[in-house]
Amino acid sequence: MGKGISYKTGMALMLLAATALLYVFVNRYTEELPEMEALAAGNIKEGEKKIALTFDDGPHPHYTSQLLDGLKERGVQATFFVTGEHAQMHPEIIERMHKEGHLIGNHTYSHIQLREDNRDEFKNQLVKTNEIIREITGEEVQYVRPPYGTWDKGMEKELNMFPVLWTIDPLDWCSTNVEHIRKNVVSKARENGIILMHDYYPSTVTAALEVVDELQKQGYEFVTVEEILFD
Ligand SMILES: [Zn+2]
């Protein structure tokens, strides 16, 4: 019987020791994990260089949707400078852009270039396009990409809009060579760069997503132009 008690006591002690050990282990693990995660997240952010993808002329009923799918898969936010004409034709795509966190800017109604003799028409097109976009997203449009980069600084105050040009132009609209477009962008990529592309061509969609994959590996973080211009 005495043997039995000492056996039971021994088992109880071992169980107690095991429980204590498990308690220490679990406690350490659960305490350290959030700290380690926070540290890792902090480190990743610190090393990231910001860059912005911008797409003009859309939305295109097919290619823009493909692009949005690819950007969503990669967790990337971009900026779309849409024409009022195309936004009116595909409001559901504008709505999707807005829901998925992309920034939407104005690219005039019918893609006109500002000249000395059409200032009023140009301005009216911007106002009209702002209204079209606002009706879909419920938000004021603040950014404009003037077609061909022609701009009149006076309009910034008149319209309370900010022009956004670019630093990297791969001329994607005049090439169907995906590799050429991708290499062109990647070779010119810099911190706080603004990439100009057009979501109106299948080659651009493929090239843009490959650019994302490659530059993310190089430590770039894709953001909207707002974060490049005002952060
Ligand atoms: Zn354009």
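We did not get these values from a lab; they are worked out from the coordinates using the rules stated. Please read these numbers as outputs of a predicted model, since none were measured by experiment. Using ideal geometry, Cβ is built from the backbone for each residue, glycine included, and neighbour counts are taken over all protein chains shown.
Pull out a ≥ b ≥ c, the square roots of the eigenvalues of the alpha-carbon gyration tensor of region 50-230, then state rounded if a/c is under 1.5, prolate if not and a/b is larger than b/c, and oblate in the remaining case. Prolate shape, in that a/c is at least 1.5 and a/b is the bigger ratio. With 23 Å as the limit, the listed pairs 99/217; 72/123; 123/157 have 99/217; 72/123 beyond it between alpha carbons. Once both labels are positioned 7 Å from their Cα atoms along Cα-to-Cβ, the gap between residue 169 and residue 151 label points is 1.3 nm. What the phi angles of region 216-231 give under the Karplus curve with 6.51, -1.76 and 1.60, with θ = phi - 60°, is a coupling list of 5, 5, 7, x, 7, 10, 8, 10, 7, 4, 4, 6, 7, 7, 10, 9 Hz, glycine and proline written as x. Ranked by the mean number of other Cβ atoms within 10 Å per residue, highest first, peptides 89-102, 109-122 order as 89-102, 109-122. Between the amide H of residue 142 and any residue lying 5 or more places away or on another chain, no distance stays under 5 Å, with hydrogens modeled in the peptide plane. Full extension of the chain between residue 100 and residue 69 gives 10.1 nm of extra length, using 0.36 nm per residue less the Cα-Cα distance.
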